[in-house]
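The block underneath contains the structure these notes are about, expressed in structure tokens.
Please treat every number below as a calculation from the coordinates, not as lab data. Bear in mind that the values here come from a model prediction, so they are computed numbers and not experimental data. Note: ideal-geometry Cβ built from the backbone for every residue, glycine included; neighbour counts use all protein chains shown.
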Amino acid sequence: MVRVSRRHSIKMLSAALLSSAFSSRAEAQQAYRFGYAAITWGGNDRQAITEIADVGFRGIQLRTAAVEAFGDRPSELKELLAHHRLTFVALSSGTIGIDPVRADEEMALHVKHARFLRDCGGLYLQVIDARPARAVTAADYAAMGRRLTELGKRTADLGIPLGYHHHMGSLGEAPDEVERILDATDPESVKLQLDTAHYLQGGGDPAGAIRRYASRLLFLHLKDVRSRTPERGAKDQRPYQFVELGQGRSDVKNVFSALGEARFQGWLVVELDAVPDRARTPRACAEINRDYITRELGFAL
């Protein structure tokens with residue numbers, strides 16, 4: 001019988017635990033891909049593409065300004081993104097409502113955007129639901145579910161999955177509203193694009209949402225938000241402001257714990273609607289977000 005000393009046993013156990021920790025981190029690193037949303041650049045997509053790539057992100061989300069600029073030349077945008085080694089993760093396609101008068105027009109527009117996205121080599125189409133300008137009824141959630149399902153089936157025919165992006169000020173603002181909309185949709189046709197800051201500001205727990213909707217997550221917006229008191233007479237009177245990761249009250253680390261439990265694999269797109277500090281530039285904000293991901297969370301881009 002071979003005797004193993006207590007000291008040697010402790011060393012072996014420590015090595016095994018360390019190996020397991022490195023393995024878990026490596027698996028997580030392999031599971032996540034980090035992109036960045038061009039919204040911070042306010043429509044200057046060419047500058048956004050260059051700077052997002054320079055900062056080190058490997059994916060990008062663009063808005064309809066890209067359709068306006070490259071609509072009849074999708075191959076040009078595809079080549080530009082390839083030159084900068086950026087994956088076209090998602091296109092923000094705008095809003096979809098339940099007004100029957102605008103139904104055909106909206107459906108045609110989003111399908112057109114999905115076709116453009118496909119021709120550019122992109123992955124996902126994002127839509128935000130519009131809140132009716134009246135008291136919301138139970139029928140509204142069902143109607144939105146049908147509208148989203150119809151759109152999701154049409155984009156799927158083009159090879160483009162549809163992501164439903166809940167949003168402050170939309171029909172799906174609060175967690176129970178998000179749930180009612182998702183319950184009214186076909187889960188195969190409509191996936192959830194969870195936004196950590198919007199879900200938190202709407203009164204929910206982003207980590208809890210990840211666990212709850214793990215099977216329906218398409219991709220995420222990694223985002224932070226802080227409370228604020230607007231100045232009297234200021235144009236923006238919202239009691240909150242979106243900020244760089246680690247600058248607000250989002251528990252980003254808990255979000256990653258939930259992603260690990262859910263065994264999520266896919267794209268995480270950092271989004272910042274606008275520069276929160278006028279002394280900074282969009283690129284400087286992107287660098288702050290990058291540093292938080294690499295230094296605080298320990299991931300490589």
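Would you please give the FRET efficiency between Val101 and Arg73, computed as 1/(1 + (r/R0)^6) with r the Cβ-Cβ distance and R0 = 35 Å, to the nearest 0.05? Approximately 0.60, to the nearest 0.05.
The H on the amide N of Leu194, modeled in the peptide plane, is under 5 Å from the matching H of Leu218, Phe219, His221, each at least 5 residues off or on a different chain. Under a Gaussian network description of the chain, with springs only between Cα atoms under 10 Å, the residue in Ala274, Ala286, Ala108 that fluctuates furthest is Ala108.
How much of the DSSP beta bridge set in the chain is antiparallel, as a percent to the nearest 5? For the chain, the DSSP antiparallel bridge percentage is about 10. Report Rg(Cα)/(2.2 N^0.38 Å) for segment 140-217, keeping two decimals. In units of the 2.2 N^0.38 Å rule of thumb, it is 1.03.
Over 27 Å between Cα atoms: which of Lys191/Lys223; Lys112/Lys191; Lys78/Lys112; Lys78/Lys253; Lys78/Lys153 fall into that group?
Pairs exceeding 27 Å: Lys78/Lys253.
FRET efficiency for the Arg46 to Gln265 pair, using the beta carbon distance and R₀ = 30 Å, is estimated at 0.45. Between the beta carbons of Lys253 and Ala279, assuming R0 = 35 Å, the FRET efficiency works out to 0.80 to the nearest 0.05. The relative contact order of the chain, computed from alpha carbon pairs under 8 Å that lie at least 6 residues apart in sequence, is 18 percent. One entry in [x] 83, 49, 43; [y] 50, 41, 39; [z] 70, 44, 40 is Cα extents along the principal axes in Å calculated from the shown coordinates; its label is [x]. Per-residue 3J(HN,Hα) values for segment 173-181, derived from phi via the Karplus relation 6.51 cos²θ - 1.76 cosθ + 1.60 with θ = phi - 60°, read 8, 7, x, 5, 6, 4, 4, 5, 5 Hz in sequence order (x marks Gly and Pro).
Taking trypsin sites (Lys or Arg not before Pro) across segment 40-101, the ones in a DSSP loop with at most 13 further Cβ atoms lying within 10 angstrom of their Cβ are Arg85. A full extension of the chain between Ala174 and Ala82 corresponds to an added length of 29.3 nm, given 0.36 nm per residue minus the alpha carbon distance. Each residue of segment 47-57 is assigned a 3J(HN,Hα), and the resulting list reads 5, 4, 4, 4, 6, 4, 5, 4, 5, x, 6 Hz, derived from the Karplus form 6.51 cos²θ - 1.76 cosθ + 1.60 (θ = phi - 60°), x at Gly and Pro.
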